[in-house]
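S.K.: Let me give you the structure first, and then I'll get to my questions.
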Amino acid sequence: MVTPLPYPALHASHSGIWICSSDGETRAIGKGEAIGRVAETPHILLNAPLLGQRLGYPDLSGLDLLELFAFIHPAQFVVPTPAGLAKALGLAPPAQEADIAALCRQAASLLLEGLEAPFWKEREGAWSSAQALYRLRWPWAQEVGRKLEKPVEAERWLFSKLPEWEEEAPRPAPRTVTIDRNEALATLDSLTGEGSEEREGQKSYAAAVSQIFNPRKIKGSPNMLLAEAGTGIGKTLGYLAPASLWSQQAGGTVWISTFTKALQRQLDRETRRIYPDEETFRRKVVVRKGRENYLCLLNLEDALQGGFTGRAAILAHLVARWAAYSKDGDMVGGDLPGWLTTLFRRNGATALTDRRGECVYAGCPHYRKCFIEKAAHASQQADIVIANHALVMVNAARGREQQNRPTRLIFDEGHHLFDAADSMFAARLSGQEAIEIRRWVIGPETKNRGRRRGLAARLADLASYDEEGGRAIESARHAAEALPGDGWLQRIGEGEPFGPIEALLQEVRAMVFARDESQSADAGYGLETELTHVEGPMIDAVANAAEAMDGLLKPLVRLGQRIEHLIEEGPDWMDAPARARMEGALSSLGWRRDTLSGWLSLLSRIGGPADPDFVDWLMIDRFEGREYDIGICRHWLDPTIPVTEVVTKPAHGVMITSATLKGGGGWDTARARSGAVHLPHPPQEFEVASPFDYPNQAKVIIVTDVKRGDMAGLAGAYAQLIEASAGGTLGLFTAIRRLRTVYARIADRMAQSGLPIYAQHVDPIDTGTLVDIFRDDPKASLLGTDALRDGVDVPGQSLRLVVMESVPWPRPNILHRARKLAGGGSAYDDRIIRARLAQAFGRIIRRADDHGHFVILSSSFPSRLFSAFPEGTPIERMPLAQALAEISKATSEMKESGLSTETSLMHDDPQ
C-alpha cells in the first residue's frame with residue numbers, strides 16, 4: 001500500500017485550475033487563490049514553468065514531479081504530461097482534467113516508494129547526491145532523504161566511476177573492394193527480416209547506392225550518387241545494407257550525415273539490426289555531434305564545487321546523476337530528457353557544455369573520460385559513424401582528424417546540405433562574436449565566474465618558463481582589450497563606443513538605420529543594408545578595426561609557432577600535463593586565428609570592387625524590438641563551392657539523398673544545390689517514387705474565404721479545423737507573431753473542447769519534447785514554425801491534419817535577393833516554395849495505413865505550385881465550411897473504422 005504524501009497538489013490548464021488537498025479531496029479554485037496557496041505552501045506540481053505560465057505567475061516553484069523523476073530515473077524517457085507520467089508508472093491515465101491533481105499525489109508517492117525497491121537500478125550515487133541537494137534546499141530532498149539509507153561503503157565520486165576510453169592504433173586504409181549487387185540485396189533481406197513486405201523500390205535504391213562504394217577512378221572525382229526516394233521507400237535500410245557490407249569487406253568507416261536529431265536517433269535504432277549484440281553495436285556504431293552538444297566534465301565539476309548557486313546548482317546535480325547513466329553524454333537530443341533544462345529556465349544549462357570553444361583537450365583532468373573525446377576516438381575504429389552536416393563540414397574545413405578523413409559519405413536529408421553549408425562557410429564580424437574571442441583570450445572579467453579560462457591562466461607554465469611565449473600571451477591579452485567587452489551594446493546605443501571595433505559597429509549601426517527602407521513597424525525583425533557605396537567615417541573605422549585585429553592576430557600566430565616549437569623540443573619543465581595543455585591550446589588557437597583571418601579578409605574588401613562569389617551586408621539583429629547584435633556578414637553566393645572542395649572532392653564515394661532532393665525543380669536543381677556541378681564528372685542520378693496511394697490517402701484543400709491579415713478569422717479557422725479533426729493537427733506558421741496571436745485566441749476554446757494544444761515559441765518546453773507530447777496524444781495539436789515543417793516524424797493517427805496559414809514565401813532579404821537574381825528570378829522562388837510545401841506535406845502520410853488532409857488558408861494560392869504535391873493527390877479549392885464538413889466526415893469514418901483517437905500511437909518513421 002502506497003502511503004500518500006502530506007502535500008496538496010495543483011494542476012492548471014486553459015480550462016481550469018484544480019487543487020487536491022492533503023486529505024485527498026479535489027476542488028476547482030480561482031487563479032488568485034491558486035497563486036496565494038503555492039506561494040505559502042509547497043505543492044506537488046507537474047512542469048512548474050508551464051503551470052506558472054498558465055497562472056501568470058512565472059516564479060512558481062514547488063515539488064515538481066519531473067525533477068523527482070529525473071533524480072530517480074536518470075537517462076530514462078517519459079513524456080512530461082499527466083498521461084505520459086501515468087503510463088511510465090503503470091497508473092491509469094486521468095479520465096478528466098479534474099483528476100490530474102490527485103494523480104500527481106499518487107505519482108509522487110509511487111516514485112518515492114521506488115527508492116526502497118530492491119530492483120532500483122539507479123541506486124548508486126543517489127544518497128550522496130541527495131545529501132548535496134538537501135544542502136541546496138531542493139524541495140524534494142527531505143522526502144527523498146527519508147527513503148534512502150546511507151550506504152555501508154562510501155559511494156564513488158562521479159568522475160572516478162566513469163569509464164575511460166583507450167588509445168588504439170590507427171585503423172589501416174580500407175581495402176579496395178567492389179560491392180556485388182546480389183550481396184547487397186541479400187544483406188538488405190537480412191535486415192528487413194523474413195516475412196517483411198517486398199519493396200521493389202527499396203531494392204533498386206539499395207542497388208544504386210552500392211555503386212558509390214566501388215573504387216574511385218580519378219582523384220578529385222568521387223563516385224557520386226544523387227538519389228531522390230519518396231517517403232515510405234525505406235531509405236535508411238536501403239543505404240545501411242550496402243554501407244555495412246562495404247565496411248565489413250573493406251575494413252573502412254562509412255559516415256552517414258543527417259540534418260535533424262530525430263533522424264540521428266532513428267539511425268541509431270536501425271543500426272541495431274546490423275549489430276544486435278550490444279557490445280558489438282557500441283563498438284561498431286558511433287553517434288557524433290558538435291562539441292557544444294555534449295556535457296563538459298570540467299564545467300560540471302566546477303558547477304558541483306560551488307561554481308553554480310541556487311537553481312542552477314540543483315540542475316548541475318541532476319545532470320550529474322544523469323551523466324553516471326548516460327549512454328554518450330549528449331545533452332541535446334541524447335538521453336538527457338529534453339524537458340529537464342527547461343524546468344530550470346535553462347539557467348546554467350549552456351555553461352555545462354563547451355559552447356565557447358574553451359576546451360583544454362588533453363590538459364583536462366577528465367580527458368580520458370571525456371564524452372566528446374570518447375566519441376571522437378571511437379569513431380576512428382567504428383564501421384558506421386552517424387554525424388550531422390555541420391560536424392562533417394567543420395572537421396573538413398578546420399583540418400581535424402585528417403588521418404581518418406571519411407572516404408565514403410552518405411548525406412541523408414540532403415535537401416538541407418545547401419543551407420548547412422551556407423551557415424558553415426559564412427563570415428560574421430559582430431559584437432557577439434568578437435566578445436567571445438575577447439573572453440577566450442582574457443578570460444572572465446568579473447568575479448565569481450567559475451574556473452579561470454583566459455590564455456594566461458591556461459598557459460601559466462609556458463608564461464613562467466618561456467620568455468618569448470610569455471611575451472606573446474601578454475601581447476595577445478593587451479590586444480584583445482580592443483575587442484568589445486561587457487556592456488558594448490549599451491555603449492554603442494548611447495554613442496560612446498570603447499575601442500576601434502565598437503567604433504566600427506557604431507558606424508555599421510548608423511549606416512543601417514540611415515539606409516533602411518523597410519518602413520516596417522514590425523520591430524521583431526532585424527534590419528540590414530547592402531555593404532556598398534562605403535565612404536568617409538566608415539572607411540576610417542574599418543581601417544582602425546583592421547589594425548586592431550591584426551594586432552591580436554600577430555601575437556596569436558607567434559604563440560602558436562612557439563608552442564609548436566616547444567612541443568617538438570620538449571624542455572625539461574614540460575611534463576605530460578603541460579604538454580597536454582600545449583596541444584589543447586594549439587588546437588584552440590587554430591580556430592581563433594582562422595576566425596580573425598576571415599574577419600581581416602572581409603574588412604580588406606570594404607570600399608573596393610565587389611567580389612561576385614560573395615554577398616556582403618550590414619545588419620542589426622533584433623528580437624521583439626530589442627537589439628542584441630550588430631555586425632557585418634559575408635556569405636558565399638553558392639556555398640556548395642567550398643563544400644565541394646573540402647568535403648566532396650577528397651572522398652571516394654558520396655551519396656546525397658532525400659525525399660525532396662530536387663527541391664521543387666528538376667535534376668538541374670539537385671545538381672546545383674548539392675555542388676555536383678562543380679565536379680569534373682557528372683554524378684549518377686536515381687529516383688523512385690513513394691509507394692503510398694496518395695490519391696486515396698491524402699487530399700490538399702485550399703481554403704478560399706479566410707482573408708489575409710484577418711487575425712480573428714485566421715484564429716477561428718484554426719480552432720474549427722482542429723475541432724473538426726478532433727485534434728491530431730500540426731499548424732505551421734511563417735511568422736512567430738501570428739503563431740502567438742492565434743494560440744492566445746484559441747487555447748481556452750481548445751481546452752474546453754478537451755483538445756490539448758501546444759505551441760512552439762509559447763510553451764516553455766523545448767521543441768523535441770513538444771513533438772514527443774504531440775506524438776503521444778492523438779487528441780493533441782501542435783503549432784510551430786519552420787523547425788516543424790520537415791523535422792517532425794509522427795506516423796499514425798496522432799497526425800492527420802496539417803494546416804499552413806499562408807504560402808511559405810521566402811523572406812526577401814539581401815542574401816535571398818542576390819541568389820534569386822543568380823538563380824532565375826521568380827522561378828527560383830517557386831522552387832523554394834515547392835520544396836517547402838513538399839516537406840510540409842510529407843508530414844501527413846508516413847505509413848501505408850495513414851490518411852489525412854493538408855489545408856492551406858490562402859485564397860490566392862498559385863496553381864503553378866500544385867506540382868509540389870505527389871502526382872495524383874486530389875487538390876481542391878473550397879470555402880472553410882465545406883472543408884470543415886469534409887474533415888469532420890473523415891474523422892467520423894476514422895472512429896467508426898476502429899482507429900480510435902483515444903489510443904496513443906508511437907511508431908518509427910518508415911524511411
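Conditions tested, residue by residue: (1) at pLDDT 95 or above; (2) surrounded by fewer than 22 Cβ atoms within 10 Å (Cβ to Cβ); (3) in the same structural domain as Ala883 (by TED's automatic domain parsing); (4) closer than 25 Å to Arg836 by Cα.
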site: Arg708; (1), (2), (3), (4): no, yes, yes, yes
site: Arg737; (1), (2), (3), (4): no, yes, yes, yes
site: Pro764; (1), (2), (3), (4): no, yes, yes, no
site: Leu770; (1), (2), (3), (4): no, no, yes, yes
site: Val792; (1), (2), (3), (4): no, no, yes, yes
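S.K.: In region 79-93, which residues are buried (at least 19 other Cβ atoms within 10 Å of the Cβ) and either part of a loop (DSSP other than H, G, I, E, B) or hydroxyl-bearing (Ser, Thr, Tyr) (or both)?
M.R.: Val79, Pro80, Thr81
S.K.: Hey, another quick one. Being in contact with a Lys or Arg (Cβ under 9 Å, 6 or more places away or on another chain), more than 23 Å from Glu373 (Cβ to Cβ) and not aliphatic (A, V, I, L, M) narrows it down to one residue among Thr192, Thr187; which is it?
M.R.: After applying the criteria, what remains is Thr192.
S.K.: So, in region 161-186, of the ones that are small (Gly, Ala, Ser) and part of a loop (DSSP other than H, G, I, E, B), which residue ends up surrounded by the fewest Cβ atoms within 10 Å (Cβ to Cβ)?
M.R.: Out of the qualifying residues, it is Ala169.
S.K.: Among the numbered criteria (1) within 27 Å of Ser244 (Cα to Cα); (2) touching a strand residue (DSSP E or B) at 6+ places or on another chain (Cβ under 6 Å); (3) among the hydrophobic types (A, V, I, L, M, F, W, C), which single criterion is violated by Cys296?
M.R.: Among (1) within 27 Å of Ser244 (Cα to Cα); (2) touching a strand residue (DSSP E or B) at 6+ places or on another chain (Cβ under 6 Å); (3) among the hydrophobic types (A, V, I, L, M, F, W, C), Cys296 violates only (1).
S.K.: Consider only pairs whose beta carbons are under 6 Å apart and that are at least six residues apart or on different chains; among these, list those whose first residue lies in region 63-84 and is on the phi > 0 side of the Ramachandran plot and whose second residue is among the acidic types (Asp, Glu).
M.R.: Hits for this filter: Ala75/Asp335.
Residue-by-condition table, conditions (1) in a loop (DSSP other than H, G, I, E, B); (2) out of contact with any Gly (no Cβ under 8 Å at 6 or more places or on another chain); (3) among the basic types (Lys, Arg):
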position	(1), (2), (3)
Trp322	no, yes, no
Lys327	yes, no, yes
Trp339	no, yes, no
Arg345	yes, yes, yes
Gly348	yes, yes, no
Arg355	yes, yes, yes
Glu358	yes, yes, no
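S.K.: Since Ser798 meets every condition but one in (1) touching a residue at least 60 places away in the same chain (Cβ under 8 Å); (2) in contact with a strand residue (DSSP E or B) (Cβ under 7 Å, 6 or more places away or on another chain), which condition does it not meet?
M.R.: Among (1) touching a residue at least 60 places away in the same chain (Cβ under 8 Å); (2) in contact with a strand residue (DSSP E or B) (Cβ under 7 Å, 6 or more places away or on another chain), Ser798 violates only (2).
S.K.: Looking at Ile875, Ile832, can you tell me which residue is within 27 Å of Thr529 (Cβ to Cβ) and of a type in the set (Val, Ile, Thr)?
M.R.: Exactly one residue qualifies, and that residue is Ile832.
S.K.: Same structure again: Taking region 700-736, which residues are under 16 Å from Val807 (Cα atoms) and among the charged types (D, E, K, R)?
M.R.: Correct list: Asp705, Lys707, Arg708, Asp710.
S.K.: So which of Glu122, Glu153 ends up being in a loop (DSSP other than H, G, I, E, B), under 31 Å from the mean Cα position of the chain (by Cα) and of a type outside the set (A, V, I, L, M, F, W, C)?
M.R.: Glu122
S.K.: Same structure again: Go through (1) touching a residue at least 12 places away in the same chain (Cβ under 8 Å); (2) surrounded by fewer than 16 Cβ atoms within 10 Å (Cβ to Cβ) one by one and return the number of the condition Glu627 breaks.
M.R.: Failing condition for Glu627: (2).
S.K.: Out of the strands (runs of 3 or more DSSP E) lying entirely within region 732-829, which hold 2 or more residues that are within 20 Å of Ile887 (Cα to Cα)?
M.R.: Ranges flagged: 781-784, 801-804.
S.K.: Of all residues in region 230-241, count the ones that are closer than 24 Å to Met393 by Cα and at pLDDT 95 or above.
M.R.: 2
S.K.: May I ask you to say which residue of Thr669, Thr595 is within 30 Å of Arg843 (Cβ to Cβ), among the polar types (S, T, N, Q) and in a helix (DSSP H, G or I)?
M.R.: Just one listed residue meets the conditions, Thr669.
S.K.: Can you confirm whether region 509-527 contains a residue that is closer than 30 Å to Ala463 by Cβ, part of a helix (DSSP H, G or I) and touching a residue at least 12 places away in the same chain (Cβ under 8 Å)?
M.R.: No.
A quick yes/no check of all residues on (1) closer than 16 Å to His43 by Cβ; (2) of a type outside the set (Lys, Arg); (3) touching a residue at least 40 places away in the same chain (Cβ under 8 Å):
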position: Cys104; (1), (2), (3): yes, yes, yes
position: Leu115; (1), (2), (3): no, yes, yes
position: Pro151; (1), (2), (3): no, yes, no
position: Trp157; (1), (2), (3): no, yes, no
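S.K.: Please name all residue pairs, on different chains or six or more residues apart, with Cβ atoms under 6 Å, provided the first residue is in region 349-361 and is at pLDDT below 75 and the second residue is not in a helix (DSSP H, G or I).
M.R.: Listed pairs, sorted by first residue: Glu358/Arg453.
S.K.: Related question: Can you tell me which residue among Arg811, Arg836 is surrounded by fewer than 18 Cβ atoms within 10 Å (Cβ to Cβ) and either farther than 15 Å from Gly663 by Cα or of a type outside the set (Gly, Ala, Ser) (or both)?
M.R.: Arg811
S.K.: Hey, another quick one. Let me confirm something: among Ser892, Ser859, Ser888, which residue is more than 14 Å from Ala726 (Cβ to Cβ), assigned by TED's automatic domain parsing to the domain that holds Val803 and polar (S, T, N, Q)?
M.R.: Criteria check complete, one pass: Ser859.
S.K.: Enumerate the pairs (first residue in region 702-716 and within 15 Å of Leu884 (Cβ to Cβ); second residue anywhere and among the acidic types (Asp, Glu) and not in a loop (DSSP other than H, G, I, E, B)) with beta-carbon separation below 8 Å, excluding pairs fewer than 6 apart on the same chain, so at least 6 apart or on different chains.
M.R.: As it stands, the answer is Ile702/Glu876, since those pairs meet every condition given.
S.K.: I'd like to check something: does region 682-704 contain any residue that is at pLDDT below 95, within 30 Å of Trp636 (Cβ to Cβ) and part of a loop (DSSP other than H, G, I, E, B)?
M.R.: Yes.
S.K.: Ok, one more. Aliphatic (A, V, I, L, M) and closer than 25 Å to Arg846 by Cβ: is that true of Met750 in this structure?
M.R.: yes
S.K.: Against the condition at pLDDT 90 or above, assigned by TED's automatic domain parsing to the domain that holds Gln797, part of a loop (DSSP other than H, G, I, E, B) and of a type in the set (A, V, I, L, M), how does Ile844 come out, does it pass?
M.R.: Yes: the conditions hold for Ile844.
The values are calculated or read from the model by the stated rules, or taken from the named source; none is laboratory data. Because the structure is a prediction, the values reported are computed rather than measured. Please note: Cβ atoms are built from the backbone with ideal geometry, for glycine as well, and neighbour counts cover all protein chains shown.
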